[in-house]
Amino acid sequence: MINFVSPLSQQTSATTSQDSPANSQDERTAADGSRKRSRLSVRMLATAVAGALSIALLLWVAPPGQVIDSIAQMSPAWLLVAVGLELGSCLSYVIVFRRFFPEPRSAVGRRVAWIAMGAGAVLPGGNFSSAATTGWLLRDHGIGTRRLVERCGALLCFLTLFGFFINGVAGTFLLVGVGRGPHDLEHSGVPILVSLTVIGVATAGMLVARRHHARAPAAARSAAASLEGAWDSLSRPHWRMLGAAGFLLLDMAALWAACRATGHHIGMLALAVAYFIGYLATMIPIPAGLGVLDSGLAGALVLYGYSPAASVGAVLVYHAIAVWVPGLGGLIAWLPTRARRLADTAADPAAAIP
């Protein structure tokens, strides 16, 4: 049978077949945009809820009036000590950073380290944001994308695992009765267990990846390479690795100095354990850890025997120092880079086009 189709029908069919892919593409684009907006709304709502809960927890720990009185009575000398210790922590990070990224010139390496620290202090994600900023800033320095990602991961893994190691050591000393603070199994045994679990899982993952490297997914291989890089840095001693200890311990000491500024005393080992418990709250992605770090640290300090009002006051002051010192340093380091890029763009407008 012969089917007769009119020219008008043919034209309509052809037009429909031509417009269909374009319409389908527009629909997919609109759907993608809708999903992105929906995810953004959910993240913003979750952030707002987390922030509200954190503020509520701070108000529950201590009344605002008592906190204000505690801050007003702080010793200026101890606050200056806290600022100096935080500055020392930042300088220590610059030292260890150059161990993992020796290729850029010294001035460039120091500048990138400060900018990365500022990003870690201000942006959500903390050390993860710092590692991402490092990768972005060093992408044009001839290191190679894969090696750059692995080194950023190695630095992140080393600092994180070193922190859990210190947490476990502090818990062990408390458990055997050394230092001021609670010595019961609940307060000292749990930090030890957490540290052993994290370090054990990381070590097991690295060993498994060595044996099944070829069959592992790309993400698993990248994580294993970061762990290998962290282990290599530890197995090949270098004086710059002392910067990792300074970065962590001096930051912890800055919190201790802020606590001393209130006139209340807390044992350094108890503070060390409370410090790591409190910083676990920063896994919630809030810019600069506002609210979540404060409530986490203040709650942990109270759990380990510190005065509630003094805890909140000391933590608020410490957090301000821990944000402003690296944040201001990062801004100062970033301004010359920004000025150079603006000058390059003015000289060659085409360079600004991606």
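For the stretch 181-236, what size does the Cα cloud have along each of its three principal axes, sorted from largest down, in whole Å?
Principal-axis extents of the stretch 181-236 (Cα, largest first): 47, 25, 16 Å.
Put Asp294, Asp140 in order of accessible area, largest first, 1.4 Å probe: what do you get? Show your work: numbers first, answer last.
Numbers: Asp294 10, Asp140 120 Å².
Ranking Asp294, Asp140 by accessible area, largest first, yields Asp140, Asp294.
May I ask you to rank Ile332, Ile277 by accessible area, largest first, using a 1.4 Å probe over the protein chains only?
Values: Ile332 105, Ile277 65 Å².
Result, largest first: Ile332, Ile277.
Given points 7 Å out from each Cα along the Cα-Cβ axis, report the Leu280 to Ser235 separation in nanometres with one decimal.
The modelled label-to-label distance comes out at 3.1 nm.
Suppose R0 equals 56 Å; then what is the FRET efficiency for Leu335 and Leu185 from their Cβ-Cβ distance, rounded to the nearest 0.05? The partial results should precede the final answer.
Values: r = 51 Å, r/R0 = 0.92.
Here the calculated transfer efficiency is 0.60.
In what sequence, largest accessible area first, do Ser222, Ser188 appear using a 1.4 Å probe? Please report the intermediate quantities before stating the final value.
Details: Ser222 40, Ser188 0 Å².
The ordering from most to least exposed comes out as Ser222, Ser188.
The values are calculated or read from the model by the stated rules, or taken from the named source; none is laboratory data. Just so it is clear, the model here is predicted, and its values are computed rather than measured. Cβ atoms come from the backbone with ideal geometry, glycine included; neighbour counts cover every protein chain shown. Surface areas here come from the heavy atoms of the whole protein model, side chains and all, with no ligands, DNA or RNA. Shrake-Rupley method; radii C 1.70, N 1.55, O 1.52, S 1.80 Å.
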